[in-house]
Amino acid sequence: MSKRHLPQHNCEMVNVTSSKDPGSTETALTMTPGKEREALYEDSSGDGVSTIYNSTVPPQLSDSTDEFTTYFDQKIPIPEDEKHPWFSFRKLWAFTGPGFLMSIAYLDPGNIESDLQSGAIAGFKLLWVLLLATVIGLLLQRLAARLGVVTGLHLAEVCHRQYPKVPRIILWLMVELAIIGSDMQEVIGSAIAIHLLSAGIIPLWGGVLITIADTFVFLFLDKYGLRKLEAFFGFLITIMAVTFGYEYVRVKPDQGQLLKGMFMPYCKDCGPPQLEQAVGIVGAVIMPHNMYLHSALVKSRQVNRANKKEVSEANKYFFIESCIALFISFIINVFVVSVFAQAFYSKTNNDVYEVCKNESFAQASLFKPNNATLDVDIYKGGVILGCYFGPAALYIWAIGILAAGQSSTMTGTYSGQFVMEGFLNLKWSRFARVVLTRSIAITPTLLVAIFQDTEHLTGMNDFLNVLMSLQLPFALIPVLTFTSLRPVMNDFANGLGWKIAGGLLILIICVINMYFVVIYVTALRQVVLYVIASILSIVYLAFVAYLAWQCLIALGISFLACGHTLSLPPLKELESYHLGLAAHPELFLLNNVDADSIMNR
């Protein structure tokens, strides 16, 4: 076997274990951008994953079975089923779990509030938007899951290895901001649910404090085993399905109107309020931190990434499981939209006020006796259900909201752990990590709960939805970038169709969410806020443009590289896309690289 030396590119030889024969050692090429960096060989998690990358981590740490500690200390084995080689329910059951944990983000209190507002403002007319947003979310989650399965690294870890230091830190801060914003929505939802369940005895600030305590209790559930933890999440999803399903059966929505709204993309007589609500649905369904979470959760299964057949099989079963999980979450969301579309569409505040007053509900004062269109949120939604359908409907609604808030809180905590460890290679105890994010999320929520009322507390959700919308590019662009890079994904890199479809989907989502942000900012009607928003927008758009530039290079538009793209004729298949502005290009060879074929070329 001939070995090529490329002194003009400052190459050095590194011994690599061939994925075909773990016992044989071959020689591959990697770039050394500086003396402080070393090429390391890593066998991730002891399951035969060959990874070559540049890192600042000292060599002595590379013998660790897992460089980044996670909540999932165990890996679920995948059973063999020779009788059913193409599809096996036993294997599907073994892979079932990560998709359902991921689907929790589609059922958090922010989504529930968006659902009920959609029904109250537009009736059944925007159900097709919910369906389309869920399908788009599924396709994007597929990319995140494939990245984790193929590389053995989750999205934050890949960002840590690929992006230069300054963009990496900015990206981490943006993702943390998204997680904290999501955490605040979950705390608000849980506090409101506790307030409703206690018939107002526990004040809102008391509900906020309770969510602090129960988070630490739930946090240690994974000590009882990964499958038990996944079963608990399944139990919470079941509670949401049963409670919101009860409301659906109780209200009896018009099935013809429901199907028409779901499969006919129309919105007759819709104005700005309905358009804003349609944009809000997209922003509420597709969550930025969920991409980081899903790419990490799939690492909990034993997959030999040196075996392309096993990797392909894992991708297939994880996609099937994600389809099932998101279908269930979609049905639950449809329950909520349909209930409020059937019972409260075109209702006025005065209509609801009269009904609640006649039923002697103390909360009747929440609704002003005027003819304005009904303004509803998750708190008022529970009160309205109680006024129209009895106290049982109110309490069952509150139980569903509590399940949504608690499950989302736990997955948000996991997301924060993966993101911090991935981006910073920083190993904090889970207790310290939760104390930090909970403190940031709880403080403003607690202050509003103490000094304001439920209207101001739920009103924070509008601002938080805008915040989520702003963070979307910082998850969607990196996941499309890395899954399109052949040096990262090898034979599992996105094909031309996926590159074009993924690029268009992300462009559409980002434009829609920018429109949502502009609507929100212009409604503030304060010059000072306009100036601040303009300055922040320039910085924000500059960083998004940087990420988009790198993504376009990864998608194959190589002339944008401006000399930064490294092209080595002997290694044409492994052309490196230098994702950054540093002086030295780097060749990243992640796992599933066939060392024999590299050297033969």
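The values are calculated or read from the model by the stated rules, or taken from the named source; none is laboratory data. These figures come from a predicted structure and were not determined experimentally. Quick reminder, even Gly has a Cβ in these numbers, built from the backbone with ideal geometry, and neighbours come from all protein chains shown. Heavy atoms of the whole protein, side chains included, go into the accessibility calculation; ligands, DNA and RNA do not. Shrake-Rupley method; radii C 1.70, N 1.55, O 1.52, S 1.80 Å.
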For this session: Ignoring everything but the protein chains, give the 1.4 Å probe accessible area of Thr348 in square angstrom, nearest 10.
Result: 30 Å²
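From the protein chains alone at 1.4 Å, what is the descending order of accessible area for Cys270, Cys387, largest first?
Numbers: Cys270 50, Cys387 5 Å².
These residues rank, largest area first, as Cys270, Cys387.
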For this session: Putting +1 on Lys and Arg Cβ atoms and -1 on Asp and Glu Cβ atoms, find which of Ile286, Asn315, Gln274 reaches farthest to the positive end of the dipole of the stretch 248-325.
Result: Asn315
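Multiplying the sequence separation of Gln74 and Ile170 by 0.36 nm and subtracting their Cα-Cα distance, what value in nm do you get?
Values: separation 96, 0.36 × 96 = 34.56 nm, distance 3.19 nm.
Going from the current span to full extension adds 31.4 nm.
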For this session: Report the FRET efficiency, 1/(1 + (r/R0)^6), for Ala545 and Arg227, where r is their Cβ-Cβ distance and R0 is 35 Å, rounded to 0.05.
Result: 0.20
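Which net charge results for the neighbourhood of Phe492, defined as the other residues with beta-carbon distances under 11 angstrom from its beta-carbon, given Lys and Arg at +1 and Asp and Glu at -1? Could the numbers behind the result be given before it?
Working: positive: Arg146, Arg305, Lys308, Arg486; negative: Asp491.
Net charge around Phe492: +3.
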Exercise. How big is the accessible area of Tyr530 in square angstrom, nearest 10, if you roll a 1.4 angstrom probe over the protein chains?
Worked result: 80 Å²
For this session: Pop a pseudo-label 7 angstrom from the Cα along the beta-carbon direction at both Lys268 and Ile538 and give the gap in nm to one decimal.
Result: 4.9 nm
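Note the full-extension length gain between Lys83 and Val527 as 0.36 nm times their separation in residues minus their Cα-Cα distance, in nm to one decimal.
Values: separation 444, 0.36 × 444 = 159.84 nm, distance 6.93 nm.
Difference between extended and current length: 152.9 nm.
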Exercise. For the stretch 146-242, which chymotrypsin sites (Phe, Trp or Tyr not before Pro) are both in a DSSP coil and crowded by at most 11 other Cβ atoms within 10 Å?
Worked result: none
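Compute the Cα gyration tensor for the stretch 85-177, then decide on rounded, prolate or oblate, letting a ≥ b ≥ c be the square roots of its eigenvalues: rounded whenever a/c is under 1.5, prolate when a/b is larger than b/c in the other cases, and oblate in all that remain. Mind dumping the intermediate values first?
Values: a/c = 2.66, a/b = 1.23, b/c = 2.16.
Oblate, because a/c is 1.5 or more while a/b does not exceed b/c.
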Exercise. If you plug each phi of the stretch 197-204 into the Karplus form 6.51 cos²θ - 1.76 cosθ + 1.60 with θ = phi - 60°, what whole-Hz ³J(HN,Hα) values come out, in order, with x for Gly and Pro?
Worked result: 5, 8, 6, x, 5, 8, x, 4
For this session: Between the alpha-carbon centers of the stretch 294-308 and the stretch 134-162, tell me the distance in whole angstrom.
Result: 11 Å
For this session: Could you calculate the contour length gain from Ser346 to Ala213, that is, 0.36 nm times the residue separation minus the distance between their Cα atoms, to one decimal place in nm?
Result: 43.8 nm
Exercise. Which links in Lys299/Lys499; Lys347/Lys368; Lys91/Lys309 stretch past 20 Å when you go from one Cα to the other?
Worked result: Lys299/Lys499
For this session: Determine, for each peptide in 122-132, 491-501, 272-282, the mean count of other beta carbons within 10 angstrom over its residues, then list the peptides with the highest first.
Result: 122-132, 272-282, 491-501
Exercise. How much of Cys323 can a 1.4 Å solvent probe reach, expressed as accessible area in Å² and rounded to 10?
Worked result: 50 Å²
